[in-house]
Amino acid sequence: MLLENNLTQAINGTQIDALGYSVGHKNDTFKPFRFKRHAMGEYDILLEILYAGICHSDIHAARSEWREGIYPMVPGHEIAGKVVAIGNKVSKFKVGDYAGVGCMVNSCGECESCKASQEQFCENGKVVFTYDCLDCFHDNVPTYGGYANNIVLSEKFAIKVPPNAPLEKVAPLLCAGITTYSPLQFSKVKKGDKVAVAGFGGLGMMAVKYALALGAEVYVFARNQNKAQDALNMGAKALFSQTKGIKERFDFIISTIPTAYDVKAYLKLLKSGGEMAIVGLPPIEAKTHIDVSSLVFNANKKVYGSLIGGIKETQEMLDFSLKHNIYPEVEIINITQINEAYEKLTSGKARFRYVIDMSSLKA
Ligand code: NDP
Ligand code: ZN
C-alpha cells in the first residue's frame with residue numbers, strides 16, 4: 001500500500017514517507033509507526049512491499065537478545081514486492097517488475113568480499129543490514145525493515161523475481177531460503193548423503209526441502225513431536241525429539257536452533273569427515289558454546305558458522321527454488337497479528353513461517 005505522496009517524493013528526490021509497525025524498546029509490543037526512508041539515489045529503487053516474512057532473527061533483534069537494538073525498530077528482512085519507481089541509472093529493474101529484499105541493502109562494493117559477492121563479509125565494515133543498523137551511505141540514519149509499506153534500496157541488493165512467482169512464498173526465501181541453501185552448497189551436499197536438520201521451524205523446513213532436492217536422505221531433530229507428520233510428508237526419513245541413543249551418523253548437519261542447546265551432542269552424530277553448519281543464533285545470555293576438548297575428541301569433523309549468503313548466491317537460490325518448485329510452508333497473517341505471531345514463535349506454538357500480508361496495513 002503506497003502512501004499518497006510516495007511517487008511524487010520519489011520523482012522529486014525527497015525523503016519517502018513510510019508506514020510500518022515498530023517496537024520502541026525490547027519489552028514493547030508492535031504498534032503503527034510513521035517514518036521516512038532516504039531519498040531515491042540514481043541507482044535506487046522504490047519497492048512497494050506486498051509481503052514480509054517473520055524470521056526468528058526479527059524476534060532476537062526486537063528483544064535485544066544479541067546486543068542492544070536501535071529503537072524504534074521496524075524489523076523484517078524477508079521482503080517481496082513490486083518496483084514502483086527507479087532512479088535514472090537503474091538498469092536491473094523497470095517499474096512494474098517484482099523484487100525481493102533480504103538481510104542487506106548495501107555494502108562497500110570494493111573489497112575482496114564484496115567483489116566476490118560475499119557482501120555479508122564486507123571487509124570495510126560497510127555492510128548495511130536491512131534494519132537495526134546505521135546506514136553509513138546515508139548519514140548514519142537507522143535502517144528500517146520490511147514490516148512496512150515500502151523500502152528504498154540500491155538495485156544491486158534487490159533480487160529479481162519473475163512475475164508469475166507466488167510472492168507470499170517468495171518472501172521467506174530471502175532469508176530462510178538463502179541461509180539454508182548456502183551452507184548446503186558450501187558443504188557440497190550430494191545425492192545419497194545423510195543429512196540431519198536440527199530445529200524444524202522456518203529455516204529448518206527449508207533446509208529439509210533443499211537437502212531432499214539435492215538427493216540427500218534427511219532426518220530431523222525437533223523439540224516438538226507434533227511436527228513429525230509434517231517432516232514425513234516433506235520426505236524426511238524420521239523426526240527425532242532428542243539426540244541421545246540415536247544410531248544414525250551423518251555426513252552433514254545443519255543447526256537452526258535458536259535456543260541454548262548441547263552442540264557437542266550433534267557433533268558426536270557426524271561421521272568422520274562430516275561437516276556441521278551452525279546458522280541458529282541463540283541469545284547471548286544462553287551462552288551456547290562448544291569447548292576445544294569437544295573438538296579434539298570429535299576429531300576429523302568440521303564445524304562452521306554460516307551467515308545468510310551473498311547477493312549473487314541469493315539470486316541463484318531464488319532461481320533454483322522457483323525452478324524446482326521449492327517453497328516454504330507459510331501462514332499468512334495481518335499486520336496487527338505480529339505480537340501474537342512472536343508469542344507463538346517463542347512458545348513452540350508456531351507451525352509454519354508467518355508472512356504478513358501488507359494489504360492489511362492501513363494508513
Ligand atoms: P523458528 O522459530 O521458525 O524455528 C526454530 C525451530 O527450532 C522451532 O521449530 C523450535 O521448535 C526449534 N527449537 C528450538 N529450540 C530447540 C532445541 N533445543 N532443539 C531442537 N529444536 C529446537 O526460527 P527460524 O527458523 O526463523 O530461525 C532459527 C535461528 O536461525 C534463529 O536463531 C535465527 O536468528 C537464526 N538465523 C540465522 C541466520 C544466519 O544467517 N545465520 C539467518 C536467519 C536466521 P519449537 O517449535 O518447539 O519452538
Ligand atoms: Zn532471517
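The values are calculated or read from the model by the stated rules, or taken from the named source; none is laboratory data. It should be emphasised that the depicted structure is a prediction, and the values quoted were computed from it without experimental measurement. Please note: Cβ atoms are built from the backbone with ideal geometry, for glycine as well, and neighbour counts cover all protein chains shown. For accessibility, only protein heavy atoms count, side chains too; no ligands or nucleic acids. Shrake-Rupley method; radii C 1.70, N 1.55, O 1.52, S 1.80 Å.
Some notes on this structure:
- A single member of 109, 100 is within 29 Å of residue 255 (Cβ to Cβ) and touching a Lys or Arg at 6+ places or on another chain (Cβ under 9 Å), and it is 100.
- Filtering 207, 213 for residues that are open to solvent by less than 40 Å² (accessible area, probe 1.4 Å) and either touching a helix residue (DSSP H, G or I) at 6+ places or on another chain (Cβ under 6 Å) or away from ligand 1 (no atom under 13 Å from the Cβ) (or both) leaves a single hit, 207.
- Filtering 63, 34 for residues that are within 16 Å of ligand 2 (Cβ to nearest atom), farther than 20 Å from residue 178 by Cβ and open to solvent by 50 Å² or more (accessible area, probe 1.4 Å) leaves a single hit, 63.
- Test: residue in region 66-74 that is of a type outside the set (Asp, Glu), open to solvent by less than 10 Å² (accessible area, probe 1.4 Å) and closer than 17 Å to residue 19 by Cα: yes
- Selection status of residue 197, away from ligand 2 (no atom under 16 Å from the Cβ), β-branched (Val, Ile, Thr) and surrounded by 24 or more Cβ atoms within 10 Å (Cβ to Cβ): yes
- Listed by first and then second residue, the pairs linking a residue in region 263-281 that is farther than 29 Å from residue 60 by Cα to a residue that is more than 10 Å from ligand 1 (Cβ to nearest atom) and assigned to a strand (DSSP E or B), with Cβ atoms under 7 Å apart and 6 or more places separating them unless they lie on different chains, are 271/250; 271/251; 274/250; 274/251; 274/252.
- Residue in region 27-39 that is of a type in the set (Asp, Glu) and within 13 Å of residue 149 (Cβ to Cβ) present: no
- Only residues that are small (Gly, Ala, Ser) and under 25 Å from the mean Cα position of the chain (by Cα) were counted in region 266-301, giving 3.
- Test: residue in region 182-192 that is touching a Gly at 6+ places or on another chain (Cβ under 6 Å) and either in the same structural domain as residue 237 (by the TED database) or modelled with pLDDT of 95 or more (or both): yes
- Looking only at region 288-340, and only at residues there that are surrounded by 18 or more Cβ atoms within 10 Å (Cβ to Cβ) and assigned to a strand (DSSP E or B), the one that is nearest to ligand 2 (Cβ to nearest atom): 330
- Scanning region 35-60 for residues that are within 16 Å of ligand 1 (Cβ to nearest atom), among the hydrophobic types (A, V, I, L, M, F, W, C) and outside any strand (DSSP E or B) yields 54, 55, 59.
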